[in-house]
Each structure stands twice: as C-alpha cells, then as structure tokens.
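Notes follow the structure.
The values are calculated or read from the model by the stated rules, or taken from the named source; none is laboratory data. Computed from a prediction, not measured in an experiment: that's the story for all the values here. Glycine gets a Cβ as well: all are built from the backbone with ideal geometry, and neighbour counts include every protein chain shown. SASA here: full protein model, heavy atoms, side chains in, ligands and nucleic acids out. Shrake-Rupley method; radii C 1.70, N 1.55, O 1.52, S 1.80 Å.
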Amino acid sequence: TTPAMRAVLNAAPAEAEDKATTAPIPGADAAAQAAVTRTWQGELLGRLERVKRYPRAAELRRREGVAVVGFVLDREGNLLETRLVRSSGDATLDAEALALPERARPLPPPPEHIAGARIEVVAPVRFTLRR
C-alpha cells in the first residue's frame, strides 16, 4: 500500500496550518477535500458491501473472519488489479473478498484531489454469521 492511499483510507480532516501564516479561513479546502474523500470511501465500501456474498461452504463450517483486499483503480474508477493483503484464515472467505471489487464494478472514480494515475485502495471485508 502506498503511504498516500493509507492517508486516503484513514481520511481525517487535515490539520489546520498555523493561522498566523496562512490565508484567511485556513484549512477550508482541506476540510472540504476530506469530506469529499470520506463520501467517496463510503460509496466505494458501500458498493463492496452490497455485492458481498457469504460463501456457503464457509457458512456451513461456521467460519468467520476479516480479509483485507487491495485493489488499484485508474482515474476513471476502472479496476486494474486486485490482491489479498491479509487472509481471513479461510480460503473461501478470502476468495470472496478478492471477487468483490470485480463484482462491484463500475466503481466510483476517485475525487480529483487524490493524486496519481493509479489509486490503491485497501479495504477490510468482514464476514460475520448472524447469531
């Protein structure tokens, strides 16, 4: 994962710069960008969640876990790569996590303020059985 994408995934409002050394309303653009980033992340993760399926084999074995999947998007939101960042401990859950980005297409394009031609996203995929 690139450091820049980690910052995007862990999006928090940017720290305001020292008011004495900045233009009026410091951090306004940063705050707006952080809000846009959070909205994009929510849309992206929501789309993954909507297409997620609990693998029957894992369900029958009462397997639960969290797989972490990484994928790369271009500026238009096209899926370029997918990889497993961390296993859930169950191969069927991992396979489902890897299938999600492809199944969730079209993916929302990243906001303009996120730099780069290739944007790497790292997302946890939680599999929890209903009790």
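Can you tell me which residue within the stretch 108-125, out of those that are in a loop (DSSP other than H, G, I, E, B) and of a type in the set (A, V, I, L, M), is least open to solvent (accessible area, probe 1.4 Å)?
Looking at residues that are in a loop (DSSP other than H, G, I, E, B) and of a type in the set (A, V, I, L, M), I get Ile114.
Which condition breaks for Ala58 when tested against (1) under 29 Å from Ala34 (Cβ atoms); (2) touching a residue at least 60 places away in the same chain (Cβ under 8 Å); (3) not charged (D, E, K, R)?
(1)
Can you name the condition, by its number, that Gly70 falls short on among (1) open to solvent by less than 10 Å² (accessible area, probe 1.4 Å); (2) touching a helix residue (DSSP H, G or I) at 6+ places or on another chain (Cβ under 7 Å)?
Unmet for Gly70, out of (1) open to solvent by less than 10 Å² (accessible area, probe 1.4 Å); (2) touching a helix residue (DSSP H, G or I) at 6+ places or on another chain (Cβ under 7 Å): (2).
Suppose we filter Ala95, Ala34 for residues that are surrounded by 13 or more Cβ atoms within 10 Å (Cβ to Cβ), assigned to a helix (DSSP H, G or I) and modelled with pLDDT under 95; which single one remains? Lay out the reasoning, then the answer.
Working: Ala95 fails: modelled with pLDDT under 95.
None of the others qualify; the one that does is Ala34.
Going by the structure shown, is Arg105 open to solvent by 70 Å² or more (accessible area, probe 1.4 Å), out of contact with any helix residue (DSSP H, G or I) (no Cβ under 8 Å at 6 or more places or on another chain) and in a loop (DSSP other than H, G, I, E, B)?
Here the answer is yes, as Arg105 does meet what is asked.
Scan (1) closer than 20 Å to Pro111 by Cβ; (2) touching a strand residue (DSSP E or B) at 6+ places or on another chain (Cβ under 6 Å); (3) surrounded by fewer than 15 Cβ atoms within 10 Å (Cβ to Cβ) for the single condition Glu76 breaks and write down its number.
Of everything listed in (1) closer than 20 Å to Pro111 by Cβ; (2) touching a strand residue (DSSP E or B) at 6+ places or on another chain (Cβ under 6 Å); (3) surrounded by fewer than 15 Cβ atoms within 10 Å (Cβ to Cβ), Glu76 misses just condition (2).
Provide a single number: the residues in the stretch 53-67 that are surrounded by fewer than 17 Cβ atoms within 10 Å (Cβ to Cβ), basic (Lys, Arg) and assigned to a loop (DSSP other than H, G, I, E, B).
Residues that pass the stated criteria total 3.
Could you check the stretch 51-94 and list, in sequence order, the residues that are more than 22 Å from Val121 (Cα to Cα) and of a type in the set (Lys, Arg)?
Arg56, Arg61, Arg62, Arg63
When the residues of the stretch 79-92 are filtered to those that are open to solvent by 40 Å² or more (accessible area, probe 1.4 Å) and of a type outside the set (Val, Ile, Thr), which remaining residue is nearest to Ala57 (Cα to Cα)?
If we take residues in the stretch 79-92 being open to solvent by 40 Å² or more (accessible area, probe 1.4 Å) and of a type outside the set (Val, Ile, Thr), then Ala91 is nearest to Ala57 (Cα to Cα).
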